[in-house]
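J.: Input: one structure, supplied below.
The values are calculated or read from the model by the stated rules, or taken from the named source; none is laboratory data. Note that this is a predicted model, so its numbers are computed, not measured. Here the Cβ positions follow ideal geometry from the backbone for every residue, glycine too, while neighbour counts run over all protein chains shown.
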(Lines give C-alpha, C1' and ligand atoms only; values in the text may rest on other atoms or scores of the structure.)
Protein backbone atom coordinates (compact mmCIF):
# COMPACT_ATOMS: atom_id res chain seq x y z
CA UNK A 1 0.00 0.00 0.00
CA UNK A 2 1.43 3.37 -1.01
CA UNK A 3 2.03 6.09 1.53
CA UNK A 4 -0.51 8.88 1.46
CA UNK A 5 0.94 12.31 0.86
CA UNK A 6 -0.21 14.95 3.33
CA UNK A 7 -2.70 17.40 1.89
CA UNK A 8 -1.25 20.69 0.72
CA UNK A 9 -2.14 23.51 3.10
CA UNK A 10 -5.08 25.58 2.02
CA UNK A 11 -4.40 29.18 1.07
CA UNK A 12 -5.05 31.57 3.92
CA UNK A 13 -8.27 33.55 4.08
CA UNK A 14 -9.42 36.78 5.68
CA UNK A 15 -10.75 34.63 8.56
CA UNK A 16 -7.13 34.06 9.62
CA UNK A 17 -7.18 37.72 10.72
CA UNK A 18 -9.08 37.07 13.95
CA UNK A 19 -10.41 39.62 16.44
CA UNK A 20 -7.32 38.84 18.58
CA UNK A 21 -5.05 39.78 15.65
CA UNK A 22 -6.97 43.05 15.18
CA UNK A 23 -6.68 43.76 18.92
CA UNK A 24 -2.92 43.18 18.85
CA UNK A 25 -2.60 45.65 15.96
CA UNK A 26 -4.67 48.24 17.83
CA UNK A 27 -2.37 47.83 20.84
CA UNK A 28 0.62 49.32 19.04
CA UNK A 29 -1.41 51.74 16.90
CA UNK A 30 -3.41 53.38 19.72
CA UNK A 31 -0.40 55.22 21.09
CA UNK A 32 0.53 58.82 21.65
CA UNK A 33 3.28 58.82 18.99
CA UNK A 34 0.79 57.67 16.34
CA UNK A 35 -1.99 60.09 17.34
CA UNK A 36 0.32 63.09 17.82
CA UNK A 37 1.98 62.51 14.45
CA UNK A 38 -1.39 62.36 12.68
CA UNK A 39 -2.76 65.40 14.49
CA UNK A 40 0.35 67.42 13.60
CA UNK A 41 0.16 66.48 9.93
CA UNK A 42 -3.62 67.08 9.85
CA UNK A 43 -2.92 70.63 11.08
CA UNK A 44 -0.07 71.11 8.61
CA UNK A 45 -2.14 69.96 5.63
CA UNK A 46 -5.57 71.28 6.71
CA UNK A 47 -7.55 72.58 3.77
CA UNK A 48 -5.17 71.07 1.22
CA UNK A 49 -6.63 70.93 -2.28
CA UNK A 50 -6.75 67.74 -4.29
CA UNK A 51 -4.42 69.29 -6.88
CA UNK A 52 -1.81 69.94 -4.15
CA UNK A 53 -2.26 66.37 -2.87
CA UNK A 54 -1.67 65.01 -6.37
CA UNK A 55 1.36 67.30 -6.72
CA UNK A 56 2.87 65.81 -3.53
CA UNK A 57 2.07 62.29 -4.73
CA UNK A 58 3.76 63.00 -8.07
CA UNK A 59 6.78 64.39 -6.21
CA UNK A 60 7.01 61.18 -4.14
CA UNK A 61 6.83 58.98 -7.22
CA UNK A 62 9.52 61.04 -8.95
CA UNK A 63 11.75 60.89 -5.86
CA UNK A 64 11.56 57.07 -5.89
CA UNK A 65 13.51 57.19 -9.17
CA UNK A 66 15.96 59.85 -8.00
CA UNK A 67 18.94 60.12 -5.67
CA UNK A 68 17.47 63.37 -4.33
CA UNK A 69 14.60 62.35 -2.03
CA UNK A 70 13.70 65.14 0.42
CA UNK A 71 10.01 64.21 0.87
CA UNK A 72 10.74 60.48 1.19
CA UNK A 73 13.68 61.12 3.55
CA UNK A 74 11.64 63.47 5.74
CA UNK A 75 8.91 60.85 6.05
CA UNK A 76 11.15 57.82 6.61
CA UNK A 77 13.26 59.54 9.27
CA UNK A 78 10.47 61.05 11.36
CA UNK A 79 9.71 59.67 14.85
CA UNK A 80 6.58 57.81 13.72
CA UNK A 81 8.46 55.97 10.97
CA UNK A 82 11.16 55.03 13.46
CA UNK A 83 8.49 53.69 15.82
CA UNK A 84 6.79 51.65 13.08
CA UNK A 85 10.13 50.25 11.91
CA UNK A 86 10.91 49.14 15.48
CA UNK A 87 7.49 47.49 15.86
CA UNK A 88 7.99 45.67 12.56
CA UNK A 89 11.50 44.51 13.51
CA UNK A 90 10.42 43.44 17.01
CA UNK A 91 7.77 41.15 15.53
CA UNK A 92 10.34 39.27 13.45
CA UNK A 93 8.70 38.61 10.10
CA UNK A 94 5.03 38.94 11.07
CA UNK A 95 4.59 42.41 9.53
CA UNK A 96 5.95 43.06 6.05
CA UNK A 97 4.92 46.71 5.84
CA UNK A 98 3.00 49.32 7.80
CA UNK A 99 2.09 52.92 7.17
CA UNK A 100 -0.07 55.53 8.85
CA UNK A 101 -2.17 58.04 6.90
CA UNK A 102 -3.60 61.44 7.79
CA UNK A 103 -7.12 62.76 7.17
CA UNK A 104 -6.22 63.40 3.51
CA UNK A 105 -4.90 59.87 3.00
CA UNK A 106 -1.28 61.08 2.84
CA UNK A 107 1.47 59.04 4.49
CA UNK A 108 2.46 60.29 7.93
CA UNK A 109 4.93 57.52 8.80
CA UNK A 110 5.91 54.16 7.43
CA UNK A 111 8.22 51.22 7.94
CA UNK A 112 9.12 50.87 4.23
CA UNK A 113 9.01 53.15 1.20
CA UNK A 114 5.55 52.94 -0.36
CA UNK A 115 5.01 53.20 -4.10
CA UNK A 116 3.03 56.41 -3.61
CA UNK A 117 2.46 59.11 -1.00
CA UNK A 118 -1.32 59.44 -1.34
CA UNK A 119 -3.47 56.49 -0.29
CA UNK A 120 -6.71 58.52 -0.24
CA UNK A 121 -7.79 57.22 -3.63
CA UNK A 122 -7.50 53.57 -2.54
CA UNK A 123 -9.85 51.21 -0.67
CA UNK A 124 -7.41 50.95 2.27
CA UNK A 125 -8.26 54.56 3.10
CA UNK A 126 -11.74 54.93 1.63
CA UNK A 127 -13.14 51.95 3.57
CA UNK A 128 -11.65 53.02 6.90
CA UNK A 129 -11.18 56.71 7.68
CA UNK A 130 -14.53 57.95 6.27
CA UNK A 131 -16.33 54.94 7.81
CA UNK A 132 -15.62 55.99 11.41
CA UNK A 133 -13.21 55.46 14.28
CA UNK A 134 -13.73 51.69 14.62
CA UNK A 135 -13.65 50.82 10.90
CA UNK A 136 -11.61 47.81 9.80
CA UNK A 137 -11.14 46.62 6.22
CA UNK A 138 -9.24 43.38 5.61
CA UNK A 139 -8.24 42.99 1.98
CA UNK A 140 -7.95 39.66 0.17
CA UNK A 141 -4.79 37.54 0.66
CA UNK A 142 -2.17 37.66 -2.09
CA UNK A 143 0.70 35.30 -2.75
CA UNK A 144 4.11 36.96 -3.00
CA UNK A 145 6.02 34.86 -5.54
CA UNK A 146 9.32 36.58 -4.77
CA UNK A 147 9.13 35.96 -1.02
CA UNK A 148 7.16 32.69 -1.23
CA UNK A 149 4.60 33.84 1.35
CA UNK A 150 0.96 34.82 1.61
CA UNK A 151 0.34 38.45 2.57
CA UNK A 152 -2.75 40.41 3.55
CA UNK A 153 -3.38 44.07 4.29
CA UNK A 154 -5.31 44.94 7.43
CA UNK A 155 -6.57 48.53 7.28
CA UNK A 156 -8.06 50.38 10.24
CA UNK A 157 -9.25 53.84 11.10
CA UNK A 158 -7.29 55.52 13.88
CA UNK A 159 -9.36 57.36 16.46
CA UNK A 160 -8.63 60.43 18.54
CA UNK A 161 -7.91 60.02 22.28
CA UNK A 162 -11.63 59.85 23.10
CA UNK A 163 -12.23 57.13 20.50
CA UNK A 164 -15.13 59.12 19.06
CA UNK A 165 -13.65 60.50 15.84
CA UNK A 166 -11.35 59.10 13.16
CA UNK A 167 -8.22 61.22 12.65
CA UNK A 168 -6.39 58.97 10.19
CA UNK A 169 -5.89 55.37 9.14
CA UNK A 170 -3.27 52.63 9.13
CA UNK A 171 -2.37 49.76 6.85
CA UNK A 172 -0.49 46.82 8.32
CA UNK A 173 0.54 44.16 5.86
CA UNK A 174 0.76 40.77 7.58
CA UNK A 175 2.82 37.79 6.53
CA UNK A 176 -0.09 35.33 6.62
CA UNK A 177 2.20 32.35 6.32
CA UNK A 178 3.96 33.42 9.52
CA UNK A 179 0.66 34.31 11.20
CA UNK A 180 -0.69 30.81 10.50
CA UNK A 181 2.52 29.24 11.81
CA UNK A 182 2.30 31.22 15.04
CA UNK A 183 -1.42 30.46 15.44
CA UNK A 184 -0.75 26.72 14.97
CA UNK A 185 2.04 26.84 17.55
CA UNK A 186 -0.12 28.83 19.96
CA UNK A 187 2.39 31.69 20.13
CA UNK A 188 -0.01 34.39 18.96
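J.: Would you mention how many residues in segment 29-57 are touching a strand residue (DSSP E or B) at 6+ places or on another chain (Cβ under 9 Å) and either under 30 Å from residue 176 (Cα atoms) or assigned to a helix (DSSP H, G or I) (or both)? Can you show your working first?
T.: Just the residues of segment 29-57 that are touching a strand residue (DSSP E or B) at 6+ places or on another chain (Cβ under 9 Å), to begin with: 29-30, 33-35, 37-42, 45, 48, 53-54, 56-57.
Now drop any that are not either under 30 Å from residue 176 (Cα atoms) or assigned to a helix (DSSP H, G or I) (or both), which leaves 29-30, 33-35, 37-42, 53-54, 56-57.
Residues flagged as touching a strand residue (DSSP E or B) at 6+ places or on another chain (Cβ under 9 Å) and either under 30 Å from residue 176 (Cα atoms) or assigned to a helix (DSSP H, G or I) (or both) within segment 29-57 amount to 15.
J.: Checking the structure you have, find out if any residue of segment 104-121 is without any contact (Cβ under 8 Å) to a residue 12 or more places away in the chain, closer than 17 Å to residue 59 by Cα and more than 14 Å from the chain's Cα centre (by Cα). Outline the logic, then answer.
T.: At the first step, the residues of segment 104-121 found to be without any contact (Cβ under 8 Å) to a residue 12 or more places away in the chain are none.
The answer is no; no qualifying residue exists.
J.: Restricting attention to segment 90-99, does a residue exist that is assigned to a loop (DSSP other than H, G, I, E, B), at positive phi and at pLDDT below 95? Step through it out loud before you land on a result.
T.: Initial filter on segment 90-99 (assigned to a loop (DSSP other than H, G, I, E, B)): 91-94.
Filter again for at positive phi, leaving 92-93.
Imposing the further condition that a residue be at pLDDT below 95 reduces the set to 92-93.
Yes: segment 90-99 contains one or more residues that are assigned to a loop (DSSP other than H, G, I, E, B), at positive phi and at pLDDT below 95.
J.: Would you say residue 112 is in a loop (DSSP other than H, G, I, E, B) and touching a strand residue (DSSP E or B) at 6+ places or on another chain (Cβ under 6 Å)?
T.: On the way: in a loop (DSSP other than H, G, I, E, B): yes; touching a strand residue (DSSP E or B) at 6+ places or on another chain (Cβ under 6 Å): yes.
For residue 112, the condition - in a loop (DSSP other than H, G, I, E, B) and touching a strand residue (DSSP E or B) at 6+ places or on another chain (Cβ under 6 Å) - is met.
Quick grid of which residues meet (1) over 15 Å from residue 119 (Cα atoms); (2) in contact with a helix residue (DSSP H, G or I) (Cβ under 8 Å, 6 or more places away or on another chain); (3) surrounded by fewer than 18 Cβ atoms within 10 Å (Cβ to Cβ):
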| residue | (1), (2), (3) |
| --- | --- |
| 24 | yes, no, yes |
| 29 | yes, no, no |
| 34 | yes, yes, no |
| 50 | no, no, yes |
| 57 | no, no, no |
| 62 | yes, no, yes |
| 66 | yes, no, yes |
| 83 | yes, yes, no |
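J.: Only one residue in 163, 186, 132 is in contact (Cβ under 8 Å) with a residue 12 or more places away in the chain, more than 30 Å from residue 54 (Cβ to Cβ) and exposed (fewer than 14 other Cβ atoms within 10 Å of the Cβ), so which one is that? Break it down into steps so the answer makes sense when it comes.
T.: On the way: 186 fails: in contact (Cβ under 8 Å) with a residue 12 or more places away in the chain; 132 fails: more than 30 Å from residue 54 (Cβ to Cβ).
After applying the criteria, what remains is 163.
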